[in-house]
Every structure is written in C-alpha cells, then in structure tokens.
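These notes concern the structure reproduced below.
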Amino acid sequence: MDAVYKPRKVTEVNRKFLFSITSAEITLELLVKLFAYTVKTEPIFQPNDFFTLPKGTLYNTDDLETTAGRYIFNKFVITEKLGGLLGYQNDALNGNGLGSLDTTMSNLLLSDDITVEDFTQYIDKMQWLGFATSKFINASLTTDLMTPTQNIRDLKAKLLDDNREKIEAKDISTISSIENQLLSAAKNELSQLPDMEIYNSGSRGSFDNNYKQTAIARGVIRSVSNPDEIYKYADLLTSASYSRALGTRTGGYEAKKISSAFQNIVFDEKGSDCRTKLSIPLKITKANTELLTNRYIMVSGKPKLITPENIDSYIGKVVQLRSPMICNGEKMCNICAGELYYQMGIENVGLVSNIVGSSMTTLELKRFHNSTIKLNEINIDDYID
C-alpha cells in the first residue's frame with residue numbers, strides 16, 4: 001500500500017512566489033504548474049504543504065499556519081469584498097467546510113451584505129477551481145480500497161464464528177454490531193491509503209455504505225417481496241427498484257395533500273406579533289444552529305432575534321423559542337415565524353410546506369443507492385421529564 005503524502009514546509013522562496021500570484025493569474029496552466037504531476041515535471045506544491053501566513057497578508061488579522069491549497073482558494077475565490085466580511089478561510093475545504101462556508105454566504109445574501117452577483121461569482125469561481133483541478137488532485141480508486149485485507153478477513157471469520165448462534169437466530173443487533181466492528185477496523189487499517197481521501201473528504205461516497213457492501217458484508221436487507229419466493233440477495237435488487245418505481249409516489253402524494261391542507265396559511269405583515277404567552281423550551285447545540293438562526297426567542301418577556309453573530313453565545317443553553325406551532329394570530333405572525341421567509345420575500349408560506357413531501361421522495365430515491373439498515377439505541381428517560 002502506498003502511504004498518504006506527508007506535507008512539507010514551504011520554502012521561503014516558494015512562499016514569496018505564492019504571495020506574488022494575483023487572482024487574475026490563476027489559470028488552469030498555472031494550477032498545473034503548482035499542483036500537477038506530468039510526464040516531464042513535478043508540481044511545485046502539494047495542496048497540503050504548509051507555511052505561516054503573516055498577519056495582514058490576505059484578509060487575516062493574525063499570523064496563521066495555512067496550506068498552499070487554501071491560500072490559492074482564498075486568493076482566487078474570496079474577493080476583496082468577501083474577504084472583508086469573511087476573513088481568511090483556513091478551515092479544511094472538505095464537504096463540511098464548504099457546506100459551512102456556503103451557509104455563511106447564504107446568510108450574507110439574506111442580510112443584504114452581499115449581492116446576488118457577489119454570490120454568483122463565488123459559486124462560479126469555486127466550481128471552476130474544483131472541477132479544473134480534480135483531474136490531477138483528486139485521489140483515484142484502487143483495488144486496495146475495494147477489497148478486504150487479510151486482517152479484516154480473519155477478523156470477520158472470528159466474529160462470525162463467535163456469534164454463530166445469534167446470527168442463525170437472525171439477531172439483527174448482533175449482525176449490526178459485527179458490521180460496525182469490521183468497519184472500524186477497516187477504517188483504521190486503510191487510513192494511510194491515498195484513495196481514502198475519497199471518503200474522508202466528505203464530498204461524495206459513504207465508507208459505511210460503499211465499502212461495507214463491496215468488501216465487508218451485505219448485512220441486514222430490507223424485505224419487500226415474500227422471502228420464500230425470492231432469494232434474499234436478489235430481493236436487494238427488488239428493494240432498490242421498488243423505492244425508485246413505487247416508493248417515490250408516496251412522497252408525491254404526501255406533497256399534494258400537504259399543499260392542499262396548508263395552502264391558505266400566510267404570513268402577517270412585517271413586525272407583527274400575536275403576543276402569545278407560550279414558548280417552546282429548546283436546547284441550542286452546534287447541530288441545530290443553522291435551523292434556529294433568524295428565529296426569535298423570549299428573553300425577559302421580550303422577543304430577541306437569533307442571528308449568525310450572536311447564536312454561538314447560546315450554544316449549550318435552553319432557550320424559550322417562539323414557534324408557528326404556538327402562534328395564535330389569524331395569520332402567522334413575524335415573531336413566531338422568524339425572519340427567514342420574510343427575507344426571502346415569501347408570503348404564502350403554506351405552499352412551501354410541500355418540501356416535506358419532496359424530502360420523502362428524495363429519501364426513497366436514495367434507497368436505490370444506499371440500502372444500509374442502521375440501528376440506534378434510545379433511552380426513553382431522555383424524552384420524559
């Protein structure tokens with residue numbers, strides 16, 4: 001197995017060369033020179049080669065340890081206007097990192113800090129940079145990542161032998177536990193493969209689904225047909241096709257019912273407040289901050305707007321949330337609804353509710369690609385006061 005490339009410190013000469021590059025000079029030809037292996041040449045940098053970015057060099061207010069790849073991203077994608085609002089982007093540019101940046105950009109657009117043209121330029125530049133470099137930066141899938149190692153085979157044989165009685169008794173929790181142990185061991189053993197970046201990037205593909213299905217085990221399979229008529233693995237194909245052909249109609253039908261039921265729900269005028277005495281106690285966590293931004297909470301009997309700027313101060317705290325669920329106005333008031341839909345110019349909010357049906361349809365379609373069945377343990381005491 002080839003090891004993952006180890007980042008090296010950028011030399012002073014190469015660092016000065018990076019700093020001399022202007023945004024207009026970042027072309028495909030330059031990117032090849034910077035990062036691509038060719039038949040005749042080696043790249044000047046690997047994207048994760050690191051160096052210190054002095055304070056004030058590129059939207060940064062402090063000295064930063066950064067990488068050549070992140071520097072080029074900031075130089076090309078983050079314009080001077082965005083740099084003044086966002087600062088230097090030094091988080092890992094994986095699926096989560098880019099998703100977080102997209103959310104921040106969306107909030108800036110909603111608050112009119114940037115224009116549609118600014119947002120469009122950001123998307124265009126980011127897409128071009130990603131696609132232009134993918135052919136010489138992205139990892140290639142190898143057989144090492146598609147086949148189990150001998151250690152994994154041995155562990156699988158042992159786990160199956162140790163749990164044979166429970167497996168024959170069709171104990172789903174035991175089967176799930178075996179899968180999880182094998183996946184954990186495989187992740188650890190394959191961590192140094194360059195092509196693990198395909199999964200580690202968080203951009204596409206699922207190790208728990210793709211690697212499990214191809215190299216570990218099919219595991220538990222959702223039954224659609226009569227198991228006495230179709231062999232279990234053949235039924236896997238039936239399940240996938242069923243979700244796409246018939247399961248999607250469930251979401252479509254639900255979307256129509258929801259639209260019909262809620263089509264008359266509209267927002268009241270901007271600034272309206274039904275003055276309900278009710279609120280919903282809710283703990284704010286990092287996981288739900290995006291959902292609660294631009295919503296109102298009650299503080300000392302008065303509504304207070306949660307914004308991208310102040311939401312971090314509420315993480316870990318239980319707040320009293322105003323919600324459409326407890327709104328008592330003839331129309332849905334601004335304070336219970338929050339600011340998001342007002343910022344988007346949506347008045348007939350009931351028509352937006354069909355997104356629930358659309359989400360159901362999307363989930364059914366995803367079953368065509370991911371048939372993994374997951375088990376979760378819950379403690380009922382966590383849900384009862």
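All of the numbers you see were taken from the coordinates with simple rules; none came from a lab. What you see is a predicted model, and the numbers here were worked out from it, not measured in a lab. Using ideal geometry, Cβ is built from the backbone for each residue, glycine included, and neighbour counts are taken over all protein chains shown.
Under the rule of -39500 (n - 2.57) per DSSP H run of 4 or more residues, summed and divided by the residues of the chain, what mean residue ellipticity at 222 nm is obtained, to the nearest 500 deg cm²/dmol?
Only helices count here, giving -12500 deg cm²/dmol.
Give the cross-link partners of Lys156 among the lysines, using a straight C-alpha distance below 20 Å as the criterion and excluding same-chain residues fewer than 8 apart.
Once the sequence-local lysines are set aside, what remains near Lys156 is Lys166, Lys170, Lys187, Lys212, Lys374.
Sorted by mean Cβ packing within 10 Å, highest first, what order do the peptides 81-94, 21-34 take? Mind dumping the intermediate values first?
Details: 81-94: 16.4, 21-34: 13.6.
Per-residue Cβ counts within 10 Å, averaged per peptide and sorted highest first, yield 81-94, 21-34.
If each of Leu282 and Lys187 carries a label point 7 Å out from its Cα toward its Cβ, how far apart are those two points in nm?
Simple spin-label model gives 2.9 nm for this pair.
Sort segment 143-220 into rounded, prolate or oblate with this rule: let a ≥ b ≥ c be the square roots of the eigenvalues of the Cα gyration tensor; rounded if a/c is under 1.5, and if a/c is not under 1.5, prolate when a/b is larger than b/c, oblate otherwise.
Note, shape of segment 143-220 comes out prolate.
From the phi angles alone, apply the Karplus equation (6.51, -1.76, 1.60; θ = phi - 60°) to segment 120-132 and give each ³J(HN,Hα) in whole Hz, x where the residue is Gly or Pro.
Taking θ as phi minus 60°, the curve returns 5, 5, 4, 4, 4, 5, 5, 5, 4, 4, x, 6, 5 Hz for segment 120-132.
Which residues' amide hydrogens lie under 5 Å from the amide hydrogen of Tyr88, considering only partners 5 or more residues apart or on another chain, with H built in the peptide plane?
The answer is Asn60, Thr61.
What residues have an amide H closer than 5 Å to that of Ala217, excluding those fewer than 5 places away on the same chain, when H is modeled at 1.01 Å from N in the peptide plane?
Amide H neighbours of Ala217: none.
Check Asp268: other-chain or 5+ apart residues with amide H under 5 Å from its amide H, H built from backbone geometry?
Amide H neighbours of Asp268, under 5 Å, 5+ apart: Met332, Cys333, Asn334.
Give the separation of the Cα centroids, segment 281-323 to segment 135-198, in Å.
Using only Cα atoms to place each centre, the spacing works out to 41 Å.
Pull up the cross-link candidates among the lysines for Lys33, meaning alpha carbon to alpha carbon under 22 Å and not fewer than 8 places away within one chain.
Once the sequence-local lysines are set aside, what remains near Lys33 is Lys6, Lys9, Lys16, Lys75, Lys125, Lys135.
Using θ = phi - 60° and the Karplus relation 6.51 cos²θ - 1.76 cosθ + 1.60, list the HN-Hα couplings for segment 280-296 in order, rounded to whole Hz, with x at every Gly or Pro.
Using θ = phi - 60°, the values come out as 10, x, 8, 8, 8, 10, 4, 6, 10, 4, 5, 6, 9, 5, 6, 9, 9 Hz.
Under the definition of Cα pairs under 8 Å and six or more residues apart, what whole-number percent is the relative contact order of the chain?
Normalised by residue count, the contact order of the chain is 15 percent.
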